Amino acid sequence: EAAKRRATRTTMEVVANALDAYQLEKSSYPPTLSVLTQGATPFLDERKGTKDGWGQELLYQAPGASGRKFDLF
């Protein structure tokens with residue numbers, strides 16, 4: 001369980017960095033996480049994925065609640 005939690009935290013950090021990179025280039029956050037792995041120069045390596053340590057897809061929403069730029073859970 002501890003390893004799955006660590007893997008999830010690491011994945012969330014990588015995805016959050018990719019979301020910020022996307023926003024810097026496109027001036028908005030993507031509509032879905034899958035957009036990050038598409039295109040000639042993807043923001044996120046598809047092999048890294050967007051799943052947590054238990055194999056469930058991360059959930060994403062932009063803008064986030066309470067004024068946050070996005071929510072990732």
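Glu57 passes every criterion in (1) open to solvent by less than 50 Å² (accessible area, probe 1.4 Å); (2) modelled with pLDDT under 95; (3) within 13 Å of the chain's Cα centre (by Cα) apart from (1). The set of residues in the stretch 15-73 that are more than 26 Å from Glu1 (Cα to Cα), of a type in the set (Ser, Thr, Tyr) and not in a loop (DSSP other than H, G, I, E, B) comprises Tyr22, Ser34, Thr37, Ser66. Please go through the stretch 11-27 and give me each residue that is polar (S, T, N, Q) and either within 10 Å of the chain's Cα centre (by Cα) or at pLDDT below 95 (or both), ordered by number. The answer is Thr11, Asn17.
The values are calculated or read from the model by the stated rules, or taken from the named source; none is laboratory data. Owing to the predicted nature of the structure, the values given are computational and were not obtained by experimental measurement. Ligands, DNA and RNA are excluded from the accessible area calculation, which covers all protein heavy atoms including side chains. Shrake-Rupley method; radii C 1.70, N 1.55, O 1.52, S 1.80 Å.
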